[in-house]
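So the structure is just underneath, and the comments pick up after that.
No lab work stands behind these numbers, since they all come straight from the coordinates. Owing to the predicted nature of the structure, the values given are computational and were not obtained by experimental measurement. Methodologically, a virtual Cβ is constructed for each residue, glycine included, from the backbone with ideal geometry; neighbour enumeration extends over all protein chains shown.
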Amino acid sequence: MNIKNLRREINVALTELKEDNNISKSKLSQPYRLNYFKILGLSRNELIHSRFIAFLLNPDRRYKFKDTFLNMFIALLRDKHKAIIEDPFPCKSVRTEKGLGKNRGRVDIFIKNNNSNKDIIIENKIDALDQNEQLERYHNQNKDATLVYLTLNGRKASRRSEGTLTKDNYIKLSYKEDISEWIEMCIDHLQKIKHDKLIFLLTEYLAVINELTKEIAKKEKLLPILSKDKETVENVFKIHDEVYYKRSDDNTNKEIFKLINPLKAYIIKTKFCSDDNNESFLHKLCNEIDHDLKWKINEDIGIMKKWWGFQFYKEEWEKVNVMIRFQFERKLLESCIYGLSKCDPKKPFVFDFKDKSEKGSWLYRRNMSKYFDWHRCVFFELMENNIESTSFFKELKDIIKLMIDKIDNEIIIKH
């Protein structure tokens with residue numbers, strides 16, 4: 001798509017978004033133009049959202065609202081999402097980051113049932129990627145529990161997270177509709193008991209939710225347009241450079257400029273490592289090299305952060321506790337270091353650059369001597385229709401094959 005047509009499509013989409021926002025304005029308006037969640041840099045912090053929601057759900061007798069907010073939340077699950085939950089729910093405790101045992105993971109919000117195993121487990125996703133078989137692990141740990149998957153827009157979990165589960169095994173909850181509706185109900189109750197301090201806090205929080213959901217609505221609308229084909233992506237980068245070097249003050253160009261990093265992440269997720277796309281880059285790599293080869297993204301490092309990456313492994317490699325790891329030094333596909341990683345594929349990867357001994361996850365620092373400098377041209381390669389023909393694909397395939405030979409030889413020698 002040429003620049004003229006690209007700008008036209010973006011303008012039409014922005015106009016439609018503005019009309020939608022005017023229709024769906026919240027009943028509540030902010031009394032001030034500032035927001036303390038944003039000032040403190042907490043608006044996108046997943047743990048902060050989990051803790052705040054858990055605070056409201058906790059039936060602590062020290063607070064005036066007691067178990068009112070919890071009952072409202074459970075009623076929403078029961079009435080709107082047809083969840084089978086006891087009425088009244090005998091809550092023993094509400095905890096965040098609740099560990100479920102070895103290799104089972106940590107639940108974002110855990111509502112413990114005092115009488116039985118019919119707990120409520122909430123997996124909260126703001127920006128983080130789904131972990132490998134995450135929802136399936138939670139379900140298998142307690143099949144009587146009500147499993148809730150909470151996201152900004154109420155999307156379904158990826159196949160990677162679901163494992164063998166179906167969408168009927170868990171409830172999809174959204175900040176945009178469900179949490180906003182619940183918070184508004186909480187505010188209505190607080191107005192009756194005249195709890196002004198908490199009313200102000202919840203109004204601030206509601207404003208944050210509204211902003212986050214508007215932002216994701218914009219991304220859902222614009223990112224598919226910006227990543228339509230290779231020519232479009234190249235033109236987006238051109239527009240970005242024009243704005244960056246102050247050669248353009250056009251408002252449409254500025255909107256495109258602001259979406260450059262979300263666009264990169266979107267391309268990586270959809271073209272590079274999509275769990276629901278068998279045509280994604282990493283799926284094709286595994287299929288071409290070895291059907292027993294598996295891959296996954298680092299579970300505890302987000303795509304937009306430094307040192308994110310991915311790893312390849314086979315089940316039989318557990319005998320020698322080794323995998324192939326690719327680690328990106330900068331955001332997205334820039335400056336990649338790769339090597340053999342000596343650790344359990346099922347455990348999160350932790351890398352300490354100062355640790356040069358075998359205690360570190362990598363086999364000595366010398367094994368990190370391989371270094372790529374791919375830069376942004378990789379994004380254009382990812383947009384190719386026949387991605388198997390790109391130099392990026394061929395280079396990775398050759399590297400992985402060599403490493404597989406090394407690992408297989410090590411297994412033969414040891415066993």
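By how many nm would the segment from residue 409 to residue 397 lengthen if fully extended, with 0.36 nm per residue of separation less the alpha-carbon distance?
Values: separation 12, 0.36 × 12 = 4.32 nm, distance 1.85 nm.
Computed gain between residue 409 and residue 397 is 2.5 nm.
List the aspartates and glutamates whose Cα lies under 12 Å from the Cα of residue 254, skipping any in the same chain that are fewer than 8 positions away.
Answer for residue 254, where 12 Å is the Cα cut-off: 241, 242, listed by chain and number.
Loop-only check: which GluC sites (Glu not before Pro) in the range 242-295 are DSSP coil with at most 12 other Cβ within 10 angstrom?
Taking the range 242-295 and a limit of 12 other Cβ atoms within 10 Å, the loop GluC sites (Glu not before Pro) found are 279.
Can you list the aspartates and glutamates whose alpha carbon sits under 17 Å from that of residue 221, skipping same-chain ones fewer than 8 residues off?
Excluding near neighbours in sequence, the set is 9, 16, 19, 20, 211, 229, 255.
Neighbouring Cβ atoms within 10 Å as the yardstick, rank 294, 176, 4, 92 fewest first.
Details: 294 17, 176 20, 4 8, 92 12.
In increasing order of surrounding Cβ atoms, one gets 4, 92, 294, 176.
Whole-Hz ³J(HN,Hα) for each residue in the range 78-95, computed from phi via Karplus 6.51 cos²θ - 1.76 cosθ + 1.60 with θ = phi - 60°, x for glycine and proline: what do you get?
6, 7, 8, 10, 6, 6, 8, 10, 4, 9, x, 7, x, 7, 8, 6, 10, 10
Determine, from the Cβ-Cβ distance of residue 384 and residue 4 and an R0 of 25 Å, the FRET efficiency 1/(1 + (r/R0)^6), rounded to the nearest 0.05. Could the numbers behind the result be given before it?
On the way: r = 24 Å, r/R0 = 0.95.
It comes out at approximately 0.60.
So for the pair residue 19, residue 87, with labels modelled 7 Å out along Cα→Cβ, what separation do we get in nm?
It works out to 4.0 nm between the two label points.
Output the pairs from 176/230; 228/258; 172/296; 258/394; 98/172; 82/143 with a Cα-Cα distance over 26 Å in this structure; if there are none, say none.
Numbers: 176/230 32 Å; 228/258 18 Å; 172/296 23 Å; 258/394 33 Å; 98/172 20 Å; 82/143 17 Å.
Correct reply: 176/230; 258/394.
If you stretched the chain out fully between residue 159 and residue 55, how much longer would it get, using 0.36 nm times the residue separation minus the C-alpha to C-alpha distance?
Numbers: separation 104, 0.36 × 104 = 37.44 nm, distance 3.08 nm.
Length gained, residue 159 through residue 55: 34.4 nm.
Out of the range 203-247, which chymotrypsin sites (Phe, Trp or Tyr not before Pro) are coil in DSSP terms and have no more than 15 other C-beta atoms within 10 Å? Write down the numbers at each step before the final one.
On the way: sites: 205, 237, 244, 245; in loops: 245.
Those that pass, being in a loop and sparsely packed, are 245.
In what order do 325, 159 fall by count of nearby beta-carbon atoms within 10 Å, going from fewest to most?
Details: 325 25, 159 16.
In increasing order of surrounding Cβ atoms, one gets 159, 325.
Please order 196, 178 by the number of other Cβ within 10 Å, starting at the fewest.
Numbers: 196 9, 178 20.
Going from least to most buried by this count: 196, 178.
Between residue 95 and residue 197, what length comes free when the chain is fully extended (0.36 nm per residue of separation minus the Cα-Cα distance, one decimal in nm)? Intermediate values should be presented prior to the final figure.
Details: separation 102, 0.36 × 102 = 36.72 nm, distance 2.36 nm.
Contour length minus the Cα-Cα distance gives 34.4 nm.
Which residues among the range 247-275 fall inside the zone where the amide N is under 17 Å from a point 7 Å beyond the Cα of residue 167, along Cα→Cβ?
Residues 275 qualify, since their backbone N sits under 17 Å from the label point.
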